[in-house]
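The values are calculated or read from the model by the stated rules, or taken from the named source; none is laboratory data. In this text, all values refer to a predicted model and were calculated from it rather than measured experimentally. Note that we place each Cβ from the backbone using ideal geometry, even for glycine, and neighbour counts take in every protein chain shown. Ligands, DNA and RNA are excluded from the accessible area calculation, which covers all protein heavy atoms including side chains. Shrake-Rupley method; radii C 1.70, N 1.55, O 1.52, S 1.80 Å.
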Amino acid sequence: MSIASVRAALLALTLSGLSLPAFAEEARSILFVGNSFTQGANSAVLRYRPQSVEGRVEADVGGIPALFARFAEQTGQIWRVVHVTRGGATLADHIREQLPLMAGRWDVAVLQEYSTLDPQRPGNAEITAKTAPELARHIEKANPGAAIYLMATWSRADQIYTPAGHWYGRPVASMAEDVQRALDRIDAASDAIDGVIPVGAAWNRAMAAGIADPNPYDGTSFGQVDLWSYDQYHASAAGSYLEALVVFGRVTGVDPRTLGAGDKAAHEIGLDPRVTAVLQRVAAEQLRLPGGVER
């Protein structure tokens with residue numbers, strides 16, 4: 001059984017309400033490869049606790065990796081967390097420019113493609129279908145048995161609500177759904193990739209449930225959370241927090257609700273405890289689904 005399968009089994013047990021054995025206090029390692037969506041750009045998450053992780057391109061970035069490290073600390077796990085991230089980078093860019101920086105022994109790797117898949121041809125997954133398995137094979141070769149995931153990101157409001165957007169005029173969930181489906185196909189075709197982390201699907205769930213506002217261009221409705229940052233493109237602190245919860249839950253098998261409304265990471269990035277609790281619930285509900293998404 002692969003590490004990814006073990007993690008999925010642990011998560012299923014946790015979310016079903018069964019108790020789990022205590023984690024052995026043995027250090028594990030995780031590598032994040034991505035761009036500004038992994039960095040938490042344009043929110044308080046970008047510079048969050050950068051000293052808690054190893055940034056091999058930008059040392060002053062904490063981002064999703066630092067939230068992951070803080071969650072691990074609170075749940076009694078020991079992780080060495082490293083990121084190789086650059087704003088605007090595709091996986092193809094990382095293969096060309098950053099492969100030496102990915103050297104190391106990894107138990108887990110999380111790979112995040114550009115938000116539209118192909119910057120020049122939004123929604124087109126042809127290049128990703130080549131580069132994602134190539135990068136996964138490179139990591140796997142040095143780390144047999146490592147769990148390697150793709151991260152499916154969210155619908156960009158600027159791509160949905162402005163005429164220049166590729167998904168203009170379509171439902172707000174459509175971009176995230178298209179990205180998820182494309183990455184699922186790539187995962188299914190690659191022996192080196194162990195699954196897709198459904199971040200965008202969790203955003204869609206939060207909007208469908210009335211927890212998050214679906215259209216930031218007409219103002220944020222009272223009592224709802226804006227998951228986007230001021231550019232209607234990147235994630236806000238709340239959006240990044242939901243992203244990190246889904247990643248953490250998928251990788252470790254820990255129910256995100258374990259962190260509780262008093263989660264230190266949420267408090268440190270300025271989230272209301274009530275928002276913290278509902279975002280944890282959304283993440284847990286999303287991860288409860290087989291493969292993390294509706295079929």
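In loop segments of segment 208-295 as defined by DSSP, the GluC sites (Glu not before Pro) with at most 13 further C-beta atoms inside 10 Å of their C-beta are 294.
Averaging the sequence gap over all C-alpha pairs within less than 8 Å and six or more residues apart, then dividing by the number of residues, gives segment 46-185 a relative contact order of 17 percent.
Would you please name the trypsin sites (Lys or Arg not before Pro) within segment 137-214 that are DSSP coil residues with at most 16 other C-beta atoms within 10 Å of their C-beta? Each step should come with its number before you reach the end.
Numbers: sites: 137, 141, 156, 181, 185, 205; in loops: 156.
Nothing satisfies the criteria.
When the chymotrypsin sites (Phe, Trp or Tyr not before Pro) in segment 108-204 are filtered for DSSP coil states and for at most 13 other beta-carbon atoms within 10 Å of their beta-carbon, the remaining sites are 168. What residue among 142, 266, 283 shows peak mean-square fluctuation when the chain is described by a Gaussian network model with Cα springs under 10 Å? Among 142, 266, 283, the largest mean-square fluctuation in the Gaussian network model of the chain belongs to 142. A cut-off of 5 Å between modelled amide H atoms, ignoring neighbours fewer than 5 places along the same chain, links residue 55 with 83.
Within the accessible area of segment 41-150, the carbon and sulfur atoms contribute 52%, probe 1.4 Å, all protein chains present.
Take the Cα atoms of segment 127-171, build their convex hull, and give its volume per residue in Å³.
Details: hull volume 4.1 nm³, N = 45.
Taking only Cα atoms, segment 127-171 has a hull volume of 92 Å³ per residue.
Segment 199-244 and segment 73-138 have their alpha-carbon centroids 24 Å apart.
Dividing the convex hull volume of the alpha-carbon atoms in segment 200-278 by its residue count gives 91 Å³ per residue. The per residue volume of the convex hull around the alpha-carbon atoms of segment 148-271 is 113 Å³.
Rounded to the nearest 20, the Cβ-based charge dipole of the chain about its Cα centre (Lys and Arg +1, Asp and Glu -1) stands at 320 debye.
Viscosity 0.890 mPa s, temperature 25 °C: what is the translational diffusion coefficient of segment 76-191 from Stokes-Einstein with a Kirkwood Rh over Cα pairs, rounded to a whole number of µm²/s?
Estimated via Stokes-Einstein, D reaches 161 µm²/s.
For the options 221, 36, 155, a Gaussian network treatment of the chain with springs between C-alpha atoms closer than 10 Å singles out 221 as fluctuating the most. Per-residue ellipticity at 222 nm from helix content only, as computed over the chain with -39500 (n - 2.57) for each DSSP H run of at least four residues, stands at -12500 deg cm²/dmol.
Solvent-accessible surface of the chain, taken per residue with a 1.4 Å probe and all protein chains present: 40 Å².
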